[in-house]
Amino acid sequence: MRIGIIGNSSKDSVAEAVDALLKLGGKYDLDFFLHSDLETSLKKKYPEAIETRQFLPSQELVTESDIIVAFGGDGTILSAARMVGRSRVPILGVNLGKLGFMAEVSLDELESFIRDIVNGKHVTEERMVLKTTLEKHSSEFFALNDVVIDNSSSSRLIHISVYVDDDYLVSYSGDGIILSTPTGSTAYSLAAGGPIVVPGTGVIVIQPISPHSLSARTVIVPETSTIRIVVEHLSNEARITADGQLVKTLTPPVNIYISKAEHNINLIKRKDRSYYDVLRAKLFWGSDIRLVKGKEHER
């Protein structure tokens, strides 16, 4: 099996984590390709371990790999998703961060799950991607989590009208709007008061951000919908952000179209762990959080 490795090089633990995976190569007959962004940090810490390793730029890494292992938090997995694009190469997230809903295993669980992957004891989940197109622009944005439209340079209100399949939905002023996939429902959308949506549910979440109206609420529409966001001329420059990583600034008035992309992103998951298990663990459901905090302080 050929494994491409990417990681958040700003994390001190990433070099150690990558080295731990590389040591499994002989045991499980694995070949590795490392992303070129990791070369400097790995050479500093483990020069002998990587002297024969091949470092590749993003596109070559994806082409050569059967799976991509992403070391970091959810942001690293989102970067991996953008890198993988339409190729359908599956991604395994290894959590080196904190909350992280998308990362499947911790570093302590890595070897046991790599063994399961080699033996075919895993599942691959298809996750919806959003496509954003702009009126009179040829560029497209893709997002696994969400697309956020807000004011680019000030705390002033942005004035937005929303249409679903050409049917007028609502107009309001506020801090902006979030268009979220089910995967992204536990990210910015959740922090803004949106619902948790189980991955695989065929919907798009329309979530206003601090609207200046008590009647403005979350709306969930079918994944087959095309959503048109009209940023009114009364607003300052509008900022569009895909997955918190790709950013474009536009001058209103402008029409922004969001719909389900033609491709999905494949995430590698454990057979013995459901999404509900992840929710309970990450959100401390059913636990006395006072005891959890007490244990953290004891450490």
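The values are calculated or read from the model by the stated rules, or taken from the named source; none is laboratory data. Please read these numbers as outputs of a predicted model, since none were measured by experiment. Cβ sites come from the backbone with ideal geometry, for glycine too, and all protein chains shown count toward neighbours.
Structure notes:
- Odd one out for P57, checked against (1) of a type outside the set (K, R); (2) touching a residue at least 24 places away in the same chain (Cβ under 8 Å); (3) surrounded by fewer than 22 Cβ atoms within 10 Å (Cβ to Cβ): (2)
- Test result for V278, aliphatic (A, V, I, L, M) and either modelled with pLDDT under 85 or assigned to a helix (DSSP H, G or I) (or both): yes
- Residues that are among the hydrophobic types (A, V, I, L, M, F, W, C), outside any helix (DSSP H, G or I) and within 22 Å of V105 (Cα to Cα) within region 26-74 comprise L30, F32, F33, L34, I67, I68, V69, A70, F71, listed in sequence order.
Here is a yes/no grid of residues against (1) farther than 20 Å from P253 by Cβ; (2) in a loop (DSSP other than H, G, I, E, B); (3) acidic (D, E):
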position: I160; (1), (2), (3): no, no, no
position: S171; (1), (2), (3): no, no, no
position: G184; (1), (2), (3): yes, no, no
position: V198; (1), (2), (3): yes, yes, no
position: S215; (1), (2), (3): yes, yes, no
position: T224; (1), (2), (3): yes, yes, no
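- Of the residues screened, L130 is not one that is within 18 Å of I258 (Cα to Cα) and at pLDDT below 95.
- Members of region 265-274 that are crowded, with 16+ Cβ neighbours inside 10 Å and not hydrophobic (A, V, I, L, M, F, W, C): N266, K269, R270
- Among the residues making up region 229-246, those that are part of a strand (DSSP E or B) and either out of contact with any Pro (no Cβ under 9 Å at 6 or more places or on another chain) or surrounded by fewer than 23 Cβ atoms within 10 Å (Cβ to Cβ) (or both) are I229, V230, R239, I240, T241, A242, L246.
- Checked across region 265-275, the condition of being part of a helix (DSSP H, G or I) and out of contact with any Cys (no Cβ under 6 Å at 6 or more places or on another chain) holds for at least one residue.
- None of D37, D12, D29 is assigned by TED's automatic domain parsing to the domain that holds V89, loosely packed, with under 14 Cβ neighbours inside 10 Å and within 18 Å of I68 (Cα to Cα) except D29.
- Within region 44-51, one or more residues are surrounded by 16 or more Cβ atoms within 10 Å (Cβ to Cβ) and at pLDDT below 95.
- Enumeration of residues in region 82-115 that are out of contact with any Leu (no Cβ under 9 Å at 6 or more places or on another chain), closer than 19 Å to V62 by Cβ and assigned to a loop (DSSP other than H, G, I, E, B): R88, V89
- Residues that are in a loop (DSSP other than H, G, I, E, B), within 17 Å of the chain's Cα centre (by Cα) and not aliphatic (A, V, I, L, M), drawn from region 247-264: H263, N264
- Test for I77: is it crowded, with 23+ Cβ neighbours inside 10 Å, of a type outside the set (F, W, Y) and not in a strand (DSSP E or B): yes
Residue-by-condition table, conditions (1) in the same structural domain as P199 (by TED's automatic domain parsing); (2) of a type in the set (D, E, K, R); (3) closer than 23 Å to Q245 by Cα:
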{"site": "K45", "(1), (2), (3)": "no, yes, no"}
{"site": "L56", "(1), (2), (3)": "no, no, yes"}
{"site": "V62", "(1), (2), (3)": "no, no, yes"}
{"site": "I67", "(1), (2), (3)": "no, no, yes"}
{"site": "V84", "(1), (2), (3)": "no, no, yes"}
{"site": "G93", "(1), (2), (3)": "no, no, yes"}
{"site": "F113", "(1), (2), (3)": "no, no, no"}
